[in-house]
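Remarks on the structure that follows.
Nothing in this text is a laboratory measurement; each read-out follows from the coordinates by a stated rule. Remember, predicted model here, so these are calculated numbers, not experimental data. Cβ sites come from the backbone with ideal geometry, for glycine too, and all protein chains shown count toward neighbours.
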Amino acid sequence: MTITTEAPLRTSAVEVDTISKVFGRGPAAVTAIDGMSVSVAEHEFLSIVGASGCGKSTLLSMVAGLDHPTTGSVDAGGHKVAMMFQESALFPWLTVGANIEVPMKVDRVPRTERKRRVAELLDLVRLAGFERKRPHELSGGMRQRVAMARALAQNADVLLMDEPFAALDAMTRDILHDELERIWREKRLTVLFVTHNVREAVRLGDRVVLLSSRPGRVIDEFAIEAERPRRIDSAPIATRAAVITDRLRQEVSRHA
């Protein structure tokens, strides 16, 4: 007797169903997103690329519940969602530890538990011993690590990242790619990662979704099958990124 074992189906963590987003009314109305649908599997790392103004950040805001579609629906399936922005947005008057505690205070986590989790998160992002430092005493990369720890302090299943490494130098960004991949694996997160850097998208993602110029629509997607761990300067990453970049150039030229 032959027994065939199929791979278990990956359930969906986020479902974006035919959403549109219009800002303003009447002749001044601007359609940022038009008929966009995206399905993100649990524990998937999804990279999202597209030209400026294509609705990438607007999409993340709607998944986070900070905004709502004009039509269509966004369903995070009951998963808790946290968001990390391009700027670390740390409170300059608070220490590193106090910044990480902020979402836990909102959730009324007891003080003893907050302190324990701060120590755990600082260890996770490899900043143990920096709890009493203030943001101005840290490098840009270290501030982004603190911002990541603060996002993770929300015990979220889904992490939304809006160009979090765009302002960093190439070496720091490369190091943080490794750290993010490690944390994604350890915490079994679902990540939606917005970037203008196609190589970064390919380096990190299981899949890259390409959006059209405004109004934003999904016009293509690319499975990234390169083995992990990856290097951003490796031949497989560069080759796949070149294909996506060519497709992006076609789209930008079409709307030039």
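Structure notes:
- Mean Cβ neighbour count within 10 Å, used as a protection proxy, ranking 153-160, 191-198 highest first: 191-198, 153-160
- Legend: Rg and Dmax of the chain, from Cα coordinates, 19.2, 69 Å.
- For the chain: lysine pairs under 25 Å (alpha-carbon distance), excluding those fewer than 8 apart on one chain: 12
- For the residues 39, 20, 234, a GNM of the chain with alpha-carbon springs under 10 Å puts the largest fluctuation on 234.
- Antiparallel bridge percentage (DSSP; both residues within the chain; nearest 5): 50
- Mean residue ellipticity at 222 nm, helices only, the chain: -11500 deg cm²/dmol; runs of at least 4 DSSP H residues each add -39,500 (n - 2.57), and the sum is divided by the number of residues.
- Contact order for the chain, expressed relative to its length and based on alpha carbon pairs under 8 Å spaced 6+ residues apart, stands at 26 percent.
- Of every Cα-Cα pair in segment 90-156, the percent that sits beyond 20 Å: 15
- Column: log10 I(q)/I(0), Debye, Cα scatterers of segment 85-217, q = 0.13, 0.17, 0.20 Å⁻¹: -0.56, -0.91, -1.21
- Distance from the alpha carbon centroid of segment 191-246 to that of segment 79-132 works out to 30 angstrom.
- q = 0.08, 0.13, 0.17 Å⁻¹: log10 I(q)/I(0) that the Debye formula gives for segment 1-148, counting C-alpha atoms only: -0.36, -0.81, -1.06
- Overall, the ratio between the Cα radius of gyration of segment 162-256 and 2.2 N^0.38 Å, rounded to two decimals, is 1.10.
- Max mean-square fluctuation residue, GNM over the chain, Cα-Cα springs under 10 Å, options 37, 12, 139: 139
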